[in-house]
Structure formats: C-alpha cells, structure tokens
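Structure, as structure tokens:
Just so it is clear, none of the values below were taken in a lab; they were calculated from the coordinates. Source: prediction; values computed, not measured. Virtual Cβ from ideal backbone geometry, glycine too; neighbours counted across all protein chains shown.
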Amino acid sequence: MTDPARHIDGDGVWVEILGAPRAAPALFLDRDGVVVVETHYLHEVEKTELIPGAGETIALANQRGIHVVLVTNQSGVGRGLYGWTEFQAVQDKIKADLATFGAHVDAVCACPYHPEAVAPYDRDHADRKPGPGMLLKAARALDIDLAPSWIVGDLPSDMGAGRNAGLSGGVHVRTGWAGHRDEALSHAAHDFQVIGAESINEARALIPLLLD
C-alpha cells in the first residue's frame, strides 16, 4: 500500500489521479450507496461490497472512453472515526473488485470536511458536495469536458454538485440513503436534467453518455 499522504492535496482533500488526461466527458459517481453498499461510515475492507451493476456500468464507460471519477464526502475521516489508511484499504478492495469486471476508475476524490468534524476539518468547504470542488479538481487533472458529463448519487447533494459543476445531468438512486427523491429532483433546471432510478444498474440505461 502506498503512503496515503501522497494523495492529500493542499486543501487536505484526497485527490488520486489514476488515468491519463484526455479531452472527454466523465461519469462522476458517488461511492457509498452507489458503487458499494452503504454501511454508514464504511472503513472496513470486509464490509466493502459492490452494488450489482456497478462493475458493468463502469466497464461500459471505460469502453466508451469516458472518464470515471469517484467523488465522495468522507466526514468519517474529518470526525476522527477512521483515517486515510483505512480509506485507502477500502479503495484498494473496490479497485480489485472492479477489475474482475474489466473495470477501473480514472480518479478518486474524497472530502473530509464537515461543520461537525474536528479541527482542522470542522467547517464547510467548496470540495464538500454539493460544492463542485472535487469535480472541478478531477476535471483540471484529466481534461474532462464537464458540459456533457453526468453524475450518479444517492443524495440531493450529489445532484447539487453536478449542477454546480455545470454537468448535463444526474441520476438519483435509492440504493444508499433511499429517501430524498423529491429534494434530489428539485435540482433539475433548464440546463441540468435529474432522473430517478432504483440503482446504478438501472441508471446505465438512462445516461446519454452510455447509450448507443
């Protein structure tokens, strides 16, 4: 395992770039409740389990030449419930599980800030969703075209981050925090579409980037 500190940027946010820059749109994915089963402050490798359809969806995006970026609020780090070493161990398990589907992610961004966290993370931050910061950091590193890009998430804040970053749309799924559908849909605007789906497996057939 590499030293987790090498992925922490000047803002104290985890930014791990795994792919090569190229001008292309991205599929931004929340992690817990979208790609892996929500366990509330996931930090144990043995509890890390892909949600059905996640591997296939990411593999399809890979095949289409679309960047895949995980953008995850990780207030558990900010609250001192676990550290970046545990976060990285979970990420390594996710990468290994995705590889069995021939799938990979191009970047991982994780924000530890939360107003109820401990210092120095005890405040809001532009990288914490619904802020667009994590999406913008990945876009700069990978030359992502944000306008046609989409996000999939289980919370309204995911939709807000997509809208604030200037994406084309978002899909709200019920596999994490199952409520909040109406609030998620309220982020729709003339230049930002929001679609409801049961899971990332269903979302795969709804995202224009992934359609023929």
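Fewest to most neighbouring Cβ within 10 Å: what's the order for Val15, Val77, Val71?
Values: Val15 20, Val77 24, Val71 28.
So the residues, fewest neighbours to most, are Val15, Val77, Val71.
Taking the Cα centre of the stretch 1-87 as origin, work out the dipole magnitude from +1 charges on Lys and Arg Cβ and -1 charges on Asp and Glu Cβ, in debye rounded to 20.
Details: 6 positive and 12 negative charges, 64 e Å.
Value, rounded to 20: 300 debye.
Counting DSSP beta bridges in the chain, what percent are antiparallel, to the nearest 5?
Details: 7 of 29 bridges.
If we restrict to bridges inside the chain, about 25 percent are antiparallel.
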Whole Å is fine, so just give me how far the alpha carbon centre of the stretch 139-212 lies from that of the stretch 1-75.
-> 15 Å
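Run lengths n ≥ 4 of DSSP H only: what is the helix-derived mean residue ellipticity at 222 nm for the chain, with -39500 (n - 2.57) per run over all residues, to the nearest 500?
Values: 7 runs with 58 residues, N = 212.
Using -39500 (n - 2.57) per qualifying helix, the result is -7500 deg cm²/dmol.
Considering just Cα atoms, how many Å³ per residue does the convex hull of the stretch 4-210 enclose?
On the way: hull volume 21.3 nm³, N = 207.
Each residue corresponds to 103 Å³ of Cα convex hull volume.
Just want to confirm a number: the relative contact order over the stretch 1-108, from Cα pairs under 8 angstrom separated by 6+ residues, in percent.
Details: 138 pairs, mean separation 40.4, N = 108.
Normalised by residue count, the contact order of the stretch 1-108 is 37 percent.
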With a point put 7 Å past each Cα toward its Cβ, work out how far Leu81 is from Ala23 in nm, to one decimal.
-> 4.3 nm
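If you average the sequence gap of Cα pairs under 8 Å that are 6 or more apart and divide by the length of the chain, what percent do you get for the contact order? Walk me through the numbers before you get to the answer.
Working: 470 pairs, mean separation 51.6, N = 212.
Reported relative contact order: 24 percent.
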